[in-house]
Structures are given as structure tokens and as C-alpha cells.
Amino acid sequence: MTLRAVVRGVGHYLPSRVVENAEFEATLDTSDEWIRARSGIERRHFATEDDTTSSMATAAAQSALEDAGLGPEDIDAIVLATSTADLTFPSAATMVQDKLGMTHGFAFDVQAVCAGFVYALANANALIVSGQAKRVIVIGAETFSKIMDWTDRRTCVLFGDGAGALVLEGQEGAGTTDDRGILATDLNSDGRHRDLLYVDGGVSTGTSGYLRMQGNQVFRHAVEKLAATAETAMERAGVTADEVDWIVPHQANIRIIQGTAKKMGIGMDKVVVTVQDHGNTSAASIPLAMSVGRKNGQIKDGDLLVTEAIGGGLAWGSVVLRW
Ligand code: UT7
């Protein structure tokens, strides 16, 4: 028997404010046509005055708990992937813990920017298979609208806000690729590339700063590194491309999503795509896509998923799991 971290519930939250590409035309030298053609993005949600990273994360967690048929009392740990926590500290995860009314267990943030959810999944998997936690809520939540330079057309049209969450539960499997749950993970980073995507603020500047990105340089790394990490995780899991039911990629750019799927030898009919409606929500993009894909009937019980992401650091990685 092999202990596996199995998905028991999924949920998400999107702020009510929807901004179409055309809205940027009033203030920037840009166009709906450019944004769609270069990124695949059509619209995104931005936090309202009532939304914070921890409030959106809590709403997503509550939705995932409901889907799982569980309450906060059943949860041992909260792992929250975010680069836009409400405060420098305490962690947004402990704020979620409080908002859920959970006074036991433990909670912490994982900061790996757009790869954050993959890192959080790998951490939660390790907690479960090592016996430190039986049930873990894994959340990706971001308020990137707070770190946008609204005069920089190269970045501010690309990002959005939101949150998604999974409830993972330790269950015994047979130790084969037919098991439900996380079958393999692969994590990587290379700090030499940190200048390609960063926020120019923090404790060293006394400001929260703005996102800066050399988009075309990140793009160059993306397809190759994403396909490589997915292949490594698939090899570790012992599965092949023809067995994959769904790629659930980080939703940064439709051209990166298409290029990676092609390199992996998997058709776009097997890719969950939400980038058109959410933009790039960093660590929230994968759980948002999982939740949407589950609710619209794409992802079914027993489906084999490969999820992959890359972002600031550079940090990248992949998880193979059977739903
Ligand atoms: O999630 C974290 C990881 N991040 C990513 O994965 C993002 C990766 N990068 C990308 O998605 C793409 O590189 C972008 C969507 C950011 C940009 O697409 P691109 O095809 O790489 O364009 P580019 O940066 O090479 O820019 C092409 C042109 C430039 O003009 P010149 O220098 O050729 O005259 C830009 O100034 O497009 C211009 N441009 C714009 N034009 C209209 C840049 N942003 C805009 C804009 N509207 N919003």
C-alpha cells in the first residue's frame, strides 16, 4: 500500500469586477487586438475594495471544503501559494486559518510566484505522505492588481486577481499509476534569471513596489522548461503522454500553453484553458483552471492530469496527479 495525497474537493473565487481588454485603450497605447493576439487574454477580474488575498483565499477554501463535504475541523494544515500576501507578515495562510474559524493545526505561505501552486502542491504532498497531516487545504491566491504599474502597457494588461483551492486527503493506494492522487512532482529554480521578472519593492525599499518583466525573455525560457519539467514528472510517475487526460497549465499566455502542449505531443483538446477569462493570476491560475475545468465537466473522476508552471525566480515545476 502507498499513501497518496488525493483531491477531495476543489473551489474558487473571482472578484466581481471584470475588466475587458478594451478598457485599457482609454489610458494606454494598446488595443484589444494586440492583447488577444499576443497573450490570448480577453478579460480579467480585479479585486474590489472588499477583496484581499486572504479574503479571496478564504472564499476559495470554503468552496473547496463544501465540495469535499468537510469542515475546517477536519483540516490539519493550510498551505497558501501567494506573492501578494495582505501584509509582509503574518502569512496570509494564518489569516485564512482565522477567517475559517480554525484554531488547531498549522498554516503557512509558499512564495514561488507563478510556480507557487505547484510548489504548494508538492509541499502538501510531502506533509501528507510523511504522515504530518491527513488533510491539507492547498490554495493559490493573488491580488496582482496591487503591484501593477498602470502606465506600463507591457505588464498591466496581462495580470488578474483571484483564488483557487484544493482539499487534499491522505488515502491508501495500491502503489500503481491507477492510484488516485499525486503520483509525482518536479520542482526547479534558477536565481540567475531573477532580473527577468521581479517586483521593485519590499523591505529593502520600504514600498510594496511594482512588477517588472522582460516578457519576451521569460517567454523564451517558458516552453522549453515547462515541457522538460512535465516530462520529468511524467517519467517519475511512470505515465506517458497518450495516457494524459488533461494538461492544466499555468495560464500566462495562450502561445506558451500551445507551444508546451505541442512539445509534449498532446493536443489542445486535452488542455484546460482559462487565460482568456482570467488573465495571468500567478499562483492562483492553476487551481482556478482546475476548479473551472471540474465544474464545466472537463475533469472527471479518475482523469490523469499534468500541471506545470513557471514564473519569477525563475522558478518552475510540474505535478502529475490522478483526480
Ligand atoms: O506568469 C509568469 C511568467 N510570465 C510569462 O510567462 C509571460 C511571458 N511573456 C509573454 O507572455 C509575452 O512575451 C508578452 C505577452 C509579455 C509579450 O509578447 P511578445 O510577443 O513577447 O511581445 P514583445 O514583448 O516582444 O513586444 C513586441 C512589441 C514591442 O514593440 P516594439 O519594441 O517591437 O516596437 C512592445 O513595445 O509589442 C509592444 N507592446 C505592446 N503593444 C501594444 C508590448 N506591450 C504592448 C501592449 N500593447 N500592451
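The values are calculated or read from the model by the stated rules, or taken from the named source; none is laboratory data. Just so we're clear, the structure is a prediction, and the values are computed from it rather than from any experiment. FYI the Cβ positions are ideal-geometry reconstructions off the backbone, even for glycines, and counts take in every protein chain you see.
Quick one: in segment 279-302, which of the residues that are closer than 15 Å to residue 13 by Cβ and out of contact with any strand residue (DSSP E or B) (no Cβ under 6 Å at 6 or more places or on another chain) is surrounded by the fewest Cβ atoms within 10 Å (Cβ to Cβ)?
It comes out as 295.
Have a look at 118, 129 and point out the one that is farther than 19 Å from residue 253 by Cβ, of a type outside the set (Ser, Thr, Tyr) and modelled with pLDDT of 95 or more.
After applying the criteria, what remains is 129.
Considering only residues that are part of a loop (DSSP other than H, G, I, E, B) and within 16 Å of the ligand (Cβ to nearest atom), look in segment 222-273 and name the one that is surrounded by the most Cβ atoms within 10 Å (Cβ to Cβ).
250
Could you tell me which of the residues 126, 165 is under 21 Å from residue 304 (Cα atoms) and assigned to a strand (DSSP E or B)?
165
List every residue pair whose Cβ atoms lie under 6 Å apart, where the two residues are 6 or more positions apart in sequence or sit on different chains, the first residue falls within segment 51-65 and is without any contact (Cβ under 8 Å) to a residue 60 or more places away in the chain, and the second residue, located anywhere, is of a type outside the set (S, T, N, Q).
Short answer, once both residue conditions are applied: 58/96; 58/99.
Which one of these is closer than 28 Å to residue 255 by Cβ and of a type in the set (S, T, N, Q): 83, 63?
Just a single option satisfies the conditions, and that option is 83.
Taking residue 147 as meeting all but one of (1) more than 21 Å from residue 55 (Cα to Cα); (2) in contact with a strand residue (DSSP E or B) (Cβ under 6 Å, 6 or more places away or on another chain), write down the number of the exception.
With respect to (1) more than 21 Å from residue 55 (Cα to Cα); (2) in contact with a strand residue (DSSP E or B) (Cβ under 6 Å, 6 or more places away or on another chain), residue 147 is out only on (1).
Within segment 151-163, can one find any residue that is within 17 Å of the chain's Cα centre (by Cα), of a type in the set (Asp, Glu) and crowded, with 18+ Cβ neighbours inside 10 Å?
Yes, segment 151-163 has at least one match.
Within the set of pairs 6+ apart or on separate chains, which have a first residue in segment 17-41 that is under 23 Å from residue 219 (Cβ atoms) and within 9 Å of the ligand (Cβ to nearest atom), a second that is outside any strand (DSSP E or B) and hydroxyl-bearing (Ser, Thr, Tyr), and C-beta atoms under 7 Å apart?
These pairs meet every condition: 24/30.
Do we find that residue 195 is in the same structural domain as residue 229 (by TED's automatic domain parsing) and part of a helix (DSSP H, G or I) in this structure?
yes
Against the condition touching a Leu at 6+ places or on another chain (Cβ under 8 Å) and without any contact (Cβ under 8 Å) to a residue 24 or more places away in the chain, how does residue 214 come out, does it pass?
Taking the combined requirement at face value, the residue satisfies it.
Could you say whether any residue in segment 92-108 is surrounded by 15 or more Cβ atoms within 10 Å (Cβ to Cβ), of a type in the set (Asp, Glu) and not assigned by TED's automatic domain parsing to the domain that holds residue 272?
No, there is no match, as no residue in segment 92-108 is surrounded by 15 or more Cβ atoms within 10 Å (Cβ to Cβ), of a type in the set (Asp, Glu) and not assigned by TED's automatic domain parsing to the domain that holds residue 272.
Filter segment 281-316 down to the residues that are more than 11 Å from the chain's Cα centre (by Cα), part of a strand (DSSP E or B) and either within 13 Å of the ligand (Cβ to nearest atom) or not aliphatic (A, V, I, L, M) (or both) and list them by number.
Result: 315, 316.
Which pairs do you get when a residue that is without any contact (Cβ under 8 Å) to a residue 60 or more places away in the chain, found in segment 187-209, comes within reach of a residue that is basic (Lys, Arg), reach meaning Cβ atoms under 7 angstrom, with the pair 6+ apart or on two chains?
Qualifying pairs under 7 Å: 200/212.
Among the β-branched types (Val, Ile, Thr) and at positive phi: does that describe residue 113?
Yes: the conditions hold for residue 113.
Working only within segment 75-91, note down all residues that are in contact (Cβ under 8 Å) with a residue 40 or more places away in the chain, of a type in the set (S, T, N, Q) and surrounded by 20 or more Cβ atoms within 10 Å (Cβ to Cβ).
Once the filter is applied, which keeps residues that are in contact (Cβ under 8 Å) with a residue 40 or more places away in the chain, of a type in the set (S, T, N, Q) and surrounded by 20 or more Cβ atoms within 10 Å (Cβ to Cβ), segment 75-91 yields 82, 83, 84.
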